[in-house]
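As structure tokens, the structure follows; a few thoughts come after it.
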Amino acid sequence: MKEVLADIERWRREGLRVATARVVGVEGSGPRDPGATMAVNEHGDVAGSVSGGCVEGAVVTEALDALQSGGARRRTYGYSDDEAFAVGLTCGGTLHVLIDPALPDVYEELREALVAEDPVALATVVEAEARSVGVRLGASMLVRDDGTSSGTLGVTELDAVVCRDAVGALASGLSDTRHYGRRGEARQREVSVFLEVFAPPPRMVIFGAVDFTAALARVGKILGYHVEVCDARPVFATRARFPMADEVLATRPERYLATTGESLGPRDAVCVLTHDPKFDVPALVAALETGVGYLGAMGSRRTHDDRVARLREAGVSDDALGRVMSPIGLDIGARTPEETAVAICAEIIAHRTGKAAPSLRDRAGPIHDPARRPSAALSEGSRARRAPDA
């Protein structure tokens, strides 16, 4: 919804009626994730996309028909449909799209929240059996992270359960479809509700103003993170060295986390690249006291063994040490700062999604394969910036 908000507002100022089409479910290899939105005005003008081009024409036709005849409808596009090839969904996936001739019931509250970048979840009824009296397809409710809400799905008991689940979805940052009985009963499928999460970008806090930090900050930004670079040395922690970062701070890691650590959650990442015990041990001790989802530290196995001993001396338990991914990154043979940044971000993604992937922490032996040499295409400067191994 956020990506088409400006177009919707422009059309509303012009007095035009607007229909919305949202992806509310994906099976197989769908081209867009749930939440992808297309807006269509009564003249047939289009903003946004639900499939990157595969089924756009068919969805526009449905949206214009909905504006004429009224009533929300759910449509499925995919190889399981007789008309799959006709609408051009060649990627092999199946899209479930909710097409509504009206904006969400709580549109004004949603618009204000999106403009202010407040975390909210939009709960929308995307399926309802005929016997679910009082529940209307397309009915919506807006839920804030403090548990307050606006709007209704039609049944008070259902509202209460969905509100609770929406708060949980906001905490995880993940949109999802949940199934309920008409009054919110668990393990029933009378009503399906799409919980679309609008949350601020996850944070990536990088300690250490080194070459690897610059590469990691660039990749983190590409992945949508709010990137913060922190180093106790003002001469190194400068905006000129890290223009890609959202924030560059010259302060000690533990002091920074003392003021911001409480806001770190499961979607966030802390990467300790200082490679110096007088900085990385206090940083890790402070980070372990937060709820950050991913915590990694750079260094060789020898460096990490020494760091573990220092952390134990600082009172860190073995259970807490198990949270630290070190040596940092997936075992893909990375050597340059750019390759190392990819390996770190890949490990962060795997950690978040729970997918099995070979982490450097989980095998023995040298970090770098001695048989692998940098490409001849690399400059001498690039070769000099390989990942530290000691």
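The values are calculated or read from the model by the stated rules, or taken from the named source; none is laboratory data. What you see is a predicted model; the values in this text were computed from it and never measured. Positions of Cβ are backbone-derived with ideal geometry, glycine not excepted, and every protein chain shown enters the neighbour counts.
Quick one: count up the residues across the range 262-320 that are aliphatic (A, V, I, L, M) and in a loop (DSSP other than H, G, I, E, B).
Going through the range 262-320, the residues aliphatic (A, V, I, L, M) turn out to be 264, 269-270, 272-273, 281, 283-288, 292, 295, 297-298, 308-309, 311, 314, 316, 320.
With in a loop (DSSP other than H, G, I, E, B) added as a condition, the list becomes 264, 273, 292, 298, 314, 316.
Result for the range 262-320: 6.
Residue by residue, here is whether (1) in the same structural domain as Gly293 (by TED's automatic domain parsing); (2) small (Gly, Ala, Ser); (3) surrounded by fewer than 16 Cβ atoms within 10 Å (Cβ to Cβ) holds:
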{"residue": "Gln188", "(1), (2), (3)": "no, no, yes"}
{"residue": "Ser192", "(1), (2), (3)": "no, yes, no"}
{"residue": "Gly208", "(1), (2), (3)": "yes, yes, no"}
{"residue": "Leu223", "(1), (2), (3)": "yes, no, yes"}
{"residue": "Arg233", "(1), (2), (3)": "yes, no, yes"}
{"residue": "Arg239", "(1), (2), (3)": "yes, no, yes"}
{"residue": "Asp246", "(1), (2), (3)": "yes, no, no"}
{"residue": "Leu249", "(1), (2), (3)": "yes, no, no"}
{"residue": "Tyr256", "(1), (2), (3)": "yes, no, no"}
The condition from (1) farther than 24 Å from Phe236 by Cα; (2) touching a Ser or Thr at 6+ places or on another chain (Cβ under 9 Å) that Gly299 misses is numbered (1)
Subset of the range 224-238, residues under 23 Å from the mean Cα position of the chain (by Cα) and either β-branched (Val, Ile, Thr) or under 20 Å from Pro282 (Cβ atoms) (or both), comes to Val227, Glu228, Val229, Cys230
Selection from the range 305-330 of residues over 19 Å from Phe279 (Cβ atoms) and crowded, with 19+ Cβ neighbours inside 10 Å yields Gly329, Leu330
Log entry, pairs with first residue in the range 135-156 being over 19 Å from Ser192 (Cα atoms) and among the acidic types (Asp, Glu), second being part of a helix (DSSP H, G or I) and modelled with pLDDT under 95, beta carbons closer than 8 Å, six or more apart or on different chains, reads Asp145/Val167; Asp145/Leu170; Asp145/Ala171
The lone condition Ala237 fails out of (1) within 30 Å of Ser175 (Cβ to Cβ); (2) in a loop (DSSP other than H, G, I, E, B); (3) touching a strand residue (DSSP E or B) at 6+ places or on another chain (Cβ under 6 Å) is (1)
Exception for Cys271 within (1) surrounded by fewer than 23 Cβ atoms within 10 Å (Cβ to Cβ); (2) touching a residue at least 40 places away in the same chain (Cβ under 8 Å); (3) under 17 Å from Ile344 (Cα atoms) falls at (1)
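Please work out if Asp176 is acidic (Asp, Glu), within 30 Å of Ala245 (Cβ to Cβ) and modelled with pLDDT under 95.
Details: acidic (Asp, Glu): yes; within 30 Å of Ala245 (Cβ to Cβ): no; modelled with pLDDT under 95: yes.
Judged against the criteria, Asp176 is not a match.
Of the residues in the range 187-229, how many are part of a loop (DSSP other than H, G, I, E, B) and not aromatic (Phe, Trp, Tyr)?
Taking the range 187-229 and keeping what is part of a loop (DSSP other than H, G, I, E, B), we get 187-190, 199-202, 208-210, 223-225.
Filter again for not aromatic (Phe, Trp, Tyr), leaving 187-190, 199-202, 208-210, 223-224.
Counting residues in the range 187-229 that are part of a loop (DSSP other than H, G, I, E, B) and not aromatic (Phe, Trp, Tyr) gives 13.
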Looking across the range 155-171 at residues that are at pLDDT below 95 and in contact with a strand residue (DSSP E or B) (Cβ under 8 Å, 6 or more places away or on another chain), the single one that is nearest to Gly265 (Cα to Cα) is Leu170
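Looking at the range 34-56, which of its residues are in contact with a Phe, Trp or Tyr (Cβ under 6 Å, 6 or more places away or on another chain) and modelled with pLDDT of 95 or more?
Narrowing the range 34-56 to residues in contact with a Phe, Trp or Tyr (Cβ under 6 Å, 6 or more places away or on another chain): 41, 55.
Across the range 34-56, the qualifying residue is only Asn41.
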Considering the range 1-33, residues that are closer than 15 Å to Gly138 by Cβ, of a type in the set (A, V, I, L, M) and modelled with pLDDT of 95 or more, and then whichever is surrounded by the most Cβ atoms within 10 Å (Cβ to Cβ), we arrive at Ala21
Apart from one, (1) out of contact with any helix residue (DSSP H, G or I) (no Cβ under 9 Å at 6 or more places or on another chain); (2) crowded, with 16+ Cβ neighbours inside 10 Å all hold for Arg302; the odd one out is (2)
Expected output for the range 239-265 (first residue more than 24 Å from Val281 (Cα to Cα), partner outside any helix (DSSP H, G or I) and among the small types (Gly, Ala, Ser), Cβ below 9 Å, 6+ apart or cross-chain) is Arg239/Ala245; Arg241/Ala209
